[in-house]
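Laboratory data are not the source of any read-out in this text; all were calculated from the coordinates shown. Everything quoted here is computed from the prediction, not taken from an experiment. With ideal geometry, Cβ positions are generated from the backbone for all residues, glycine too; neighbour counts draw on all protein chains shown.
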Amino acid sequence: MHFFDAHCDTVMRTFDGEFDFVAGRGRAHLDLPRLLAAGGRVQLFAVFAPASYYPDRDLRGHAEEAIRRIRGWADASDGRMRVALTAMDVRAPLPPCSPAPVHALIGLEGADPLAGRAENLEQFYRLGVRNVIPAWDDNPFSGTVFGLGSGLTPEGYKLIELCEALRVMVDVSHLSDTAFGQVCDMARRPFIASHSNCRALCPSQRNLTDEQIRALADRGGVMGVNLSPDFLAPDYHAAWGAVMAQVGASYQGVDAATRQKIREAAGPRWAAIPLPGIEWIARHVQHAIAVGGEECIGLGGDLDGISFLPAGVTGVESYPRIAESLLAAGLTAAQVEKVCWGNMARVFGDVLEAG
């Protein structure tokens, strides 16, 4: 089995301490040796640079440095990793025993580095960006689910239009419900929700409603299952929220220093919450298929962007076990292939293909 995962935050680990992605040294959910051993064939690396998280940082410079580091990994990989820029890079299925390289897609998780001007995307396109989440927290382009819930701004509409013109994937994870609807109304190409789950199963606002899943599917889009327990299991979500209420804090929309203080205060209580089992991943996949069909669901684990993983999942090395759990839950081998590889490969191939 080979895998296409539409979201990880692994490059941001290099800003936090000693981490060697290519050699596999340092603490992370994902590194190159484990990614290749697990059957990873396409991995999207998110460049995370929201203004609310880094209020005193040069966001454009920060994002450009993160992109340089991803490209540096490819340069240092002896051909084991290449940067994906075209439809051809993401489409071709490869046998699981092939020594072929993993292809690294680059995305912006929040368009804050564009400094409020949609046209600045062209600069990042030249650097290799092929996926954009317009906003992680409320910004000049859009409102978000954990912000004020407002919709796209006029500049946000321009950004969606430019993404489509450049053949950059529009990614609606984190966007408000209002903004999601506006993207649906204006989009001419498929789009994705790279790391979101089913709100009918777990009531996090970061998850998609059944109506949204159907709308995404109707437009040829794909939702990537997020491995965060907070987005998988309702009991865990309630317990997580209770801890946040106890420490009197919001985990979204705060700067890095405040976020670290919240982690320190809440960490031991979070760690005491029983983790949901791996079967919750299959439940979300099955629900998405029931609502939107087997073409609308893929993987977007959010590795290295989340604090905990489901019981039995330790990192990218567990992806083959996820595939096994999908088969055990009753999916056919062809459906599992679509979830693990085919659906994301298809939608990115369609969007990246030169028109």
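Observations on the model:
- Selection within the stretch 3-44 - among the aliphatic types (A, V, I, L, M), buried (at least 19 other Cβ atoms within 10 Å of the Cβ) and either out of contact with any Gly (no Cβ under 6 Å at 6 or more places or on another chain) or assigned to a loop (DSSP other than H, G, I, E, B) (or both): V11, M12, A28, L30, L32, L35, L36, A38, V42
- Residues that are without any contact (Cβ under 8 Å) to a residue 60 or more places away in the chain and among the hydroxyl-bearing types (S, T, Y) within the stretch 188-211 comprise S204, T209, listed in sequence order.
- Residue in the stretch 225-274 that is nearest to R199 (Cα to Cα), counting only those that are small (G, A, S) and crowded, with 19+ Cβ neighbours inside 10 Å: A233
- Within the stretch 161-202, being touching a strand residue (DSSP E or B) at 6+ places or on another chain (Cβ under 6 Å) and in a helix (DSSP H, G or I) holds for C163, A179, Q182.
- Of all residues assigned to the stretch 108-124, at least one qualifies as being in a helix (DSSP H, G or I), crowded, with 19+ Cβ neighbours inside 10 Å, touching a helix residue (DSSP H, G or I) at 6+ places or on another chain (Cβ under 6 Å) and not hydrophobic (A, V, I, L, M, F, W, C).
Quick grid of which residues meet (1) in a loop (DSSP other than H, G, I, E, B); (2) more than 21 Å from C8 (Cα to Cα); (3) in contact with a Gly (Cβ under 6 Å, 6 or more places away or on another chain):
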| position | (1), (2), (3) |
| --- | --- |
| R206 | yes, no, no |
| R214 | no, yes, yes |
| V243 | no, yes, no |
| K261 | no, yes, no |
| E264 | no, yes, no |
| L275 | yes, no, no |
| A282 | no, no, no |
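- The stretch 45-78, residues that are in contact with a Ser or Thr (Cβ under 7 Å, 6 or more places away or on another chain) and either of a type in the set (S, T, N, Q) or outside any helix (DSSP H, G or I) (or both): F45
- Scan the stretch 304-355 for residues that are touching a residue at least 12 places away in the same chain (Cβ under 8 Å), farther than 24 Å from A84 by Cβ and outside any loop (DSSP other than H, G, I, E, B) and the total you get is 6.
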